[in-house]
Amino acid sequence: MDKKVSLVIDGKKIETCACNTIVEAAKENGIYIPTLCYHPDLKPSGSCGICVVDIQGHRQPERACTTRVLEGMEITTNSKRLRDTRKLVLEMILADHDTDCPACLANGKCDLQDICDNLSVTTRSIPKKLKKLPIDDTSCAIQRDPNKCIACGRCIEVCSNIQTVNALTEVGRGHKVVISTAFDEGMGNSPCVNCGQCTVFCPTGALTEKSEIDLVWDAILDPTKHVVVQEAPAVRVALAEEFGMEKGLATPGKMYAALRRLGFDKVFDTNFTADLTIMEEGTELLSRATTGGTLPLITSCSPGWIKFAETFFPDLAKHVSTCKSPQQMLGTLIKTYYAKESGVDPKNIVSVSIMPCTAKKFEARRPEMNDSGYRDVDYVLTTREFVRMIKEAGIDFKNLPEEKADSLMGDYTGAATIFGATGGVMEAAVRSAFFLLTNENLPSPELKVLRGVTNDIVEATVEHPKLPFPIRVAVANGLGNARKILEKVKAQIAETGKSEYHFIEIMACPGGCVGGGGQPFGCEFVDRGIRGQGLYTEDDNRPLRYSHDNPMVAKIYKDFLGKPNSELAHKLLHTHYFERSQTDGKVVKETTHKH
Amino acid sequence: MLSDKAKASIKKLTAKYPKPESALMSALMIAQKENNNYLDRALAAETAKIVGVPEAHVYGVLTYYSMYNIKNIGKYHIQIDTNIPATLAGARKIADFVSEELEIEAGRTTKDGMFTLTEVECLASCGTCPVIQVNDVYYENMTIEKTKALLASLKKGVMPKPEVPEYLGGTECNVLLKNRRVKDSTSIEVYKKNGGYKALEKALKMEPQAIAAEVKDSAIRGRGGAGFPAGVKWGFLAKGTGKPVYLICNADEGEPGTFKDRQIMEYDPHLLIEGMVISARALGAKLGFIYIRGEFDWIADILDKAVDEAKADGKMNDLDIIVHRGAGAYVCGEETALIESIEGKRGEPRIKPPFPAVSGLYGCPTIVNNVETLASVPFIIEKGAAEFKKYGYENNTGFKLFGISGNVNKPGVYEYPMGVSFKKLLEAAGGPKGKLKAVIVGGLSVPILKANELEGLNMDYDSCIKHGTGLGSGGIMVINDEFSIPELAYRAIKFYAHESCGRCAPCRYGSDSIKELLKTLLDGEGTKKDIETILHICNNVKGVTVCPTGEAFTVPIKAMVEKFRNEFEALVK
C-alpha cells in the first residue's frame, strides 16, 4: 500500500503509509511509545496493554500496536491516566513474576526489566503471588521457566505461524494462563525441533537455551583435558554488536583471540568443514543427478530442519543429504584425524562448538553421532553463552589483536563463510557443483539471485552452455517456508513422478544461521540481513572463493579420507535419519540406513 | 482408544462444518463422554489426528473451557451454581450441605470415585435457584430436603428425572413468551397452529433489502447486552467480497442474572428459527449457527430437533443451521470470542477492527445477534416496524424480556415494553423478600443501585444510563439486607477472575488482584490502602482490555465499593 496519510502525534505532524499501525508510524518518526509484548517481526497480540495511547474522539485508550493510522488522527502518547495504567499493569505482572534477576540468563537483556526501569515502577500495592510451577528441564537445548512467563504470546506466534511446528500453546485460563506444551509433558517430549526462535523472541527469561557454560569451564579448567573448539560462520558476524562495534562486522580474528584467552587448547573453524561438506555434498548431488538417484537433494546442516523433516516429512527422508552438518563432521575429525596428527589421546579431547543455534545442542547428543568412537561433539555453546564467557573472563574484545585459527582444520574459503546466511549453502554448492560438472569455474562466484532475507521461497535456474543440464534450485528459510517447498515437491512427485528441483537448501531459522536461535537478542529480521551481509563481505575479501580450492581440504583427502564419498568418508562424515512421533518427538523407526 | 462409533461421529462432524477444525470442540465432548467423562492424552491425540489439528492446540482448548475434564472425575459430577443469583437464593447453604454429606471440599472427588463436587458459575437458572447440575442434567429449585433425596438416589446409582420447575414469569406483550405455557410448544405443529411461520411466508415474498430496511426502521437494539441497533449492524455487512456470509445466533447466555434466551430456545425454538431464516434472507447468508452454551445440552437437543422439523416442513430451503455447543466459557458470549470458538480455538476475543461484519467467521462477513434479537424479527416483519415501535419510545423500542431473580417472591422472566417502570416489574415479580437493600438491574456487569436510588427508574437503555446504571441484558437481581455487599463483591470478582480468558494482562491480572485484595479484606487482614488499590485497579483497567470484560468487572466492583464504602471500611483490620 503506497497511500500516505497525515496525522498528529504529541503535537508533531507526521506523514506515513496508511498501512502502518500507530507504533510503526511513531517509530518511523522517532517518537517513543512504550511497549512490552509488541515485536516488529510478529503479528501484534495486544496482550500487555502497555502501548495504550489516547486518540481524539475515542472513548477509551487504544493499543498503538494494533490500531492502524487514519488521516487526521490526533494522538497523545502520554497522560496521567496512561502512565498510571502502564505502571499498574507492570506492577501486576511483577506480582506473579519470579523476579530472580541476578540468577536469570536474561538479566540485563530482559524487556520486562527495561520497561519497568523506564517507567520507574517502584510502588508495591499488588500482593505478590508466585505461580510456583516446575521448570521444564526436559529438553537438552531449551529451558522453559513458566514462573517468568508473561503470556505475551510471541513464542506461540513464532512456533505456530512462522515455524509451523506447533509445540507450544496457551494453557489454562485467566490469571492462570501460562505457555506450555501438550499435556505439560515438556519441550523434550513435544514436537519441538529445538530451533530456538522462541528463545530469541521471549521478552523475559522464560525461554532460554539450556546453558553449558559451566560444563565448558570445567573442561577448560581441567588440566587433564585437551579442549578443542570450532565456531560457526554466523558467530563471527554477531559478536561485534555485543561489544560496541558495528553490527554485522565480521570479526573472526578477534574471535580466535578471545577463544585462546578463554583457555581453549586448539582453535579450529567450522568453516573448514563447511568447505569439506561442499565436496561431499557436491559429489553426492552429481552422483544422484547422473545415475537416476533421488532428487531433489536437500541440505542437511540445519539440525532444527532435520528434526522437522523427521517429524513432519519422514517419507522424504531419502531426499535429505546423508552428509552430516559441518559441526558434526569437524567433531568426528577432531577425535580421529586431529588426534592422529597431534598424538593427543582422543579420550582426553573435549570437543566444543560455538554455534548460533540451540538445535546443535540436540544434534551433538544424537546417539548415532559417535563415529569417532567417542561423543564427536561434547558441548555446544550458543553465541550468547560465548559472549557471557568473554565477559566473565574480563576480556576486552574490542581491543583484541587479530589472530588466526589453527590451520589444520581452521582455514576456509569465502564459499564456506556464506553458509551462515540463507542461500549461502546453495551458492557455495553451486560454485563447486559447476566446477565438478564442467572442470571450470563460474564466470563469477557470486549468485546474487540467491541472497537476501525474504519471507518466501527463492528459486533459481543455473544455466550455462558448458552445463550438461540446467540446474534448478530452491532456498527456503524458516520452517514455514520449508513446509511450503516440501508440499510443492510432494505434489510434483505425486503428479508426474518427479520434481522440477535438483537441489534445495533449507534452514530452520528465518534469515538462515545469522538469525539462529542462539544468536544475540534484539535482532529483528532486517538485522539478520545485516549480519548476513557481513558474511558476504567477508567472502568478497577472502583470497579463495571456491570450496574446491581449499588446500587443507585437499590435504585431508590426500592424507586421510581418500576422496569424497569414499568408504572412510562415509563412515565418518555421513549419517542416517529416523521417523519421529508428532506427539513427543521421539524416534519411531529408522528411515534411512548408514552403510 | 476411541470406539468406531465415536470415530465415525467425529468424522461426520468434520464434514458438516465448512472447516474441519470447527468440529474440534464437539469431537472432544464425544471422546470425553465415552471415557467416563474425562480425556487423557492418548484420547486427545487421537481426536486431534482425526480432526487435523496439532496436539498442543488441542491441549490449549481442553484447558480453556470448563466443561472438559483432563483428570479423572467422579461418576457423578455435582456442579453447584454459587454465583450471585444463586447465592441470593440460598445456594451457599446447599453447597455447604453437600460438602458435609459427601465429606469432601469443593474441587475434590470422594474416595470411592462416585462424586466430584465443584462450585460453578451462573447456569442461567437464576429464577429457579438454587440449582445443581449433575453431569448434564439440571436440578432446579433445590432445597436441603430435595438435595438429600437427590444424593440418596445418586448413591444408589440412579439419576432421577428432574422435576419441571413451576414457571412464575409473565407477559404483558405476549410476543416472545406467547408460547411459554403452551403444551408441546416446541413442536412445529403447535407453533404453526398458534400463528407461527406466517412472518416467514411474508418475508419470502419480500426483497432482502426490504427485510433489512424494516428491521432498521424498527430501531431494535441488540438484546444481548450491548444494545447496539441491529439494523445498523446489519448495514455494516461487507458486500461483494465473493465470500460466504454467515449468520450466528449468540445463545451463550452467560451473564449472571440472565436466563431469558433460555425461555425462547427451550419453549419456542421455532420462533428463533423463523427469526434466523428471515434474517438470513435479508443478509444473504446460506449457513447459520446457533452457538449455545455447553451447559444447555438438552436445549441444544431441542434446537436440533426443531431444525430437523423445520427442514422437513420446507421452512429452511435457503438456510442451513448448525447448532454448535460451547463448553463452558463466559467470554464466548463476546462475538469475536464466539467466532474463535466456532473455529475450534480457545474462545479469546479478537482485536477490533476488523469487525465481524467485514471479517468474521473464517475471515468472512458475519453477523452475530442475540437470541432475543433474532426472535423479535418475525414480529417486526409480520406486523411491521411501526407496530414494534408502539412499544417503548424513540431509540428504546420494542418489547423486552426481563429476568428477575434473587430476593423476590416470584422470580422468573417477564415480558414488558421497553421503558416499563422498575416499580411495576418488581410488583409483577411479587415484590421483594425481606428488606430491600440494593438491586443490580442489567445482569451483573452494571453499577449496583441502592434501595433509595430506585425511585423513578425506568427499564430501557437510555433511562438506565441517566440513572447511573445500564440496562445490559435486563437481568435484575434483587438483594435484601441479609447480604453483605463486600461478600457479594468478592463472589462477583471470583466469577470474572474465573472467566477472564487470560489473553490480555490488564484483565487477567486486574480481576485476580481485586479478588486477592477483597479476600484479604474479608479475612480481616486488609488495610484502607487495599480499598484504594481496588478502586485504582478499577479506574485503570477499565477501557484498556481487548474486550469489554474489563469494563464488565471494573464498573460493578467500583460501584459496590463506592456506594457501600462503610461496609468495606468496616472490614479493615
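The values are calculated or read from the model by the stated rules, or taken from the named source; none is laboratory data. Keep in mind that this is a model prediction, so the values were computed, not measured. No Cβ is skipped: glycine too gets one built from the backbone with ideal geometry, and neighbour counts run over all protein chains shown. We work out accessible area using only protein heavy atoms, side chains counted, and drop any ligands, DNA or RNA first. Shrake-Rupley method; radii C 1.70, N 1.55, O 1.52, S 1.80 Å.
For the pair segment A:205-252 and segment A:386-465, the centres of their Cα atoms are 19 angstrom apart.
When the solvent-accessible surface of protein heavy atoms is calculated with a 1.4 angstrom probe, in what order do A:58, A:464 fall, highest first?
Working: A:58 80, A:464 55 Å².
Descending accessible area places them as A:58, A:464.
Compute, for the protein assembly as shown, the length of the dipole vector about the Cα centre, with Cβ point charges of +1 (Lys, Arg) and -1 (Asp, Glu) only. Units Debye, rounded to 20. Intermediate values should be presented prior to the final figure.
Values: 145 positive and 149 negative charges, 305 e Å.
Once rounded to the nearest 20, the dipole reads 1460 debye.
Modelled spin-label separation between residue A:261 and residue A:566, with each label point placed 7 Å from Cα along the Cα-to-Cβ direction: 4.1 nm. Kindly express, to the nearest 10 degrees and within the range 0 to 90, the angle between helix A:424-438's C-alpha long axis and the longest C-alpha principal axis of chain A. Taking the Cα atoms of chain A, the angle to A:424-438 is about 20 degrees. When the chymotrypsin sites (Phe, Trp or Tyr not before Pro) in segment B:213-322 are filtered for DSSP coil states and for at most 14 other beta-carbon atoms within 10 Å of their beta-carbon, the remaining sites are B:236. Among the listed pairs A:488/B:71; B:466/B:515; A:43/A:87, which are separated by more than 32 Å between their Cα atoms? A:488/B:71, as the Cα separations exceed 32 Å there. Each Lys and Arg Cβ is given +1 and each Asp and Glu Cβ -1; about its Cα centre, chain A then shows a dipole of about 900 debye. FRET efficiency for the residue A:581 to residue B:36 pair, using the beta carbon distance and R₀ = 25 Å, is estimated at 0.45.
Can you give me the accessible area per residue for segment A:375-432, using a 1.4 Å probe, in Å²? Before the final figure, lay out the partial values.
On the way: 1660 Å² over 58 residues.
Value for segment A:375-432: 29 Å² per residue.
Take segment B:242-338 with all the other protein chains still there, run a 1.4 Å probe, and you get 24 Å² of accessible area per residue.
For segment B:159-165, backbone phi angles converted through the Karplus equation (6.51, -1.76, 1.60; θ = phi - 60°) give residue-by-residue couplings of 8, x, 6, x, 6, 6, x Hz, Gly and Pro being listed as x.
Site pair residue B:387 and residue A:137 shows an inter-label distance of 7.4 nm when each label is modelled 7 Å from Cα along Cα→Cβ.
Quantify, in whole percent, the carbon and sulfur part of the accessible surface of segment A:485-584 (1.4 Å probe; protein heavy atoms only). Carbon with sulfur: 55 percent of the solvent-accessible area.
Here the contact order of chain A, divided by its residue count and restricted to Cα pairs under 8 Å and six or more residues apart, works out to 15 percent. Each part gets one Cα centre, and for segment B:524-573 versus segment A:564-578 those centres are 69 Å apart. Computed from Cα atoms, the angle from the helix A:303-312 axis to the main principal axis of chain A rounds to 80 degrees. Placing +1 on the Cβ of every Lys and Arg and -1 on the Cβ of every Asp and Glu, with no other charges, gives segment A:125-268 a dipole of roughly 440 debye about its Cα centre. Excluding ligands, DNA and RNA, the accessible surface per residue across segment A:58-194 is 41 Å² with a 1.4 Å probe. Of the residues making up segment A:141-182, those losing 50 Å² or more of accessible area when the isolated chain is joined by the remaining protein chains, with a 1.4 Å probe, are A:166, A:170, A:173, A:174, A:175, A:182.
Could you compute the FRET efficiency for residue A:83 and residue A:128, with r as their C-beta to C-beta distance and R0 at 25 Å, rounded to 0.05? Present the calculation step by step, with values, prior to reporting the outcome.
Numbers: r = 23 Å, r/R0 = 0.91.
Given R0 = 25 Å and the Cβ-Cβ separation, E is 0.65.
Restricting to the protein assembly as shown, what percent of DSSP beta bridges are antiparallel, rounded to 5? If you can, show how the numbers build up before the last one.
On the way: 53 of 105 bridges.
If I count the DSSP bridges inside the protein assembly as shown, around 50 percent turn out antiparallel.
Each residue of segment A:103-110 is assigned a 3J(HN,Hα), and the resulting list reads 9, 10, 5, 8, 3, x, 10, 10 Hz, derived from the Karplus form 6.51 cos²θ - 1.76 cosθ + 1.60 (θ = phi - 60°), x at Gly and Pro. Here the accessible area is traced with a 1.4 Å probe on the protein chains. For segment B:135-185, carbon and sulfur cover 55 percent of it. Think of segment A:297-408 as a dipole: +1 on every Lys or Arg Cβ, -1 on every Asp or Glu Cβ, centred on the Cα centre; then among A:390, A:369, A:306, A:306 lies furthest on the positive end. Our note on the geometry: Cα centres of segment A:55-72 and segment A:316-375, 55 Å apart.
Distances between placed amide hydrogens fall under 5 Å for residue A:590 paired with A:579, all partners being 5 or more residues away or on another chain.
Ignoring ligands, DNA and RNA, how much accessible area is buried between chains B and A, both sides summed, with a 1.4 Å probe, to the nearest 100 Å²? It would help to have the intermediate numbers written out before the result.
Numbers: alone 22880 and 23760 Å², together 42920 Å².
That pair of chains buries around 3700 Å² in total.
Per-residue SASA remark: residue A:83, around 90 Å² accessible (1.4 Å probe; ligands, DNA and RNA not included).
By DSSP, what percent of the beta bridges with both residues in chain B are antiparallel, rounded to the nearest 5? Could you put the intermediate results ahead of the total?
Details: 25 of 55 bridges.
Roughly 45 percent of the beta bridges in chain B run antiparallel, per DSSP.
With the charge dipole of segment B:378-428 set up from +1 on Lys and Arg Cβ and -1 on Asp and Glu Cβ about the Cα centre, the Cα lying farthest toward the positive end among the listed residues B:378, B:413, B:396 is that of B:413.
By how many nm would the segment from residue A:287 to residue A:103 grow when fully extended, if each residue of separation counts as 0.36 nm and the alpha-carbon distance is taken off? Mind dumping the intermediate values first?
Values: separation 184, 0.36 × 184 = 66.24 nm, distance 5.27 nm.
This chain segment gains 61.0 nm when fully extended.
Taking 7 Å steps out from each Cα toward its Cβ at residue A:436 and residue B:311 produces label points 6.1 nm apart.
Helical runs (DSSP H, four residues minimum) scored at -39500 (n - 2.57) apiece and divided by the length of chain B put the mean residue ellipticity at 222 nm at -12500 deg cm²/dmol.
With R₀ set to 51 Å, the beta-carbon distance separating residue B:12 from residue A:464 gives a calculated FRET efficiency near 0.35.
Around the amide H of residue B:76, modelled in the peptide plane, lie the amide H atoms of B:115, B:116, all under 5 Å away and 5 or more residues distant in sequence or on another chain. Helix-only arithmetic for chain A: the sum of -39500 (n - 2.57) across DSSP H runs with n ≥ 4, divided by the residue total, places the mean residue ellipticity at 222 nm at -9000 deg cm²/dmol. Restricting segment A:47-152 to GluC sites (Glu not before Pro) that sit in a DSSP loop and have at most 12 other Cβ atoms within 10 Å of their own Cβ leaves A:71. Excluding same-chain neighbours fewer than eight residues apart, the aspartates and glutamates reachable from residue B:33 by a Cα-Cα span under 13 Å are B:136, B:297. Measure nothing fancy, just the Cα-based angle from helix A:383-392's long axis to the longest principal axis of chain A, in degrees from 0 to 90, nearest 10. Taking the Cα atoms of chain A, the angle to A:383-392 is about 80 degrees.
The share of accessible area on segment B:247-334 that comes from carbon and sulfur is 45 percent, using a 1.4 angstrom probe.
Once backbone amide H atoms are built at 1.01 Å from N, residue B:286 has B:245 as its partners under 5 Å, excluding neighbours fewer than 5 places away on the same chain. What lysines could a cross-link reach from residue A:335, if we take a straight Cα to Cα line under 23 Å and drop same-chain neighbours fewer than 8 places away? Leaving aside lysines fewer than 8 places away in the same chain, those within reach of residue A:335 are A:225, A:266, A:324, A:347, A:360, A:361, A:404, A:555, A:558, A:563, A:571, A:594. Sparsely packed loop sites in segment B:37-109 (the GluC sites (Glu not before Pro) outside DSSP H, G, I, E and B with at most 12 other Cβ atoms within 10 Å) comprise B:103, B:105.
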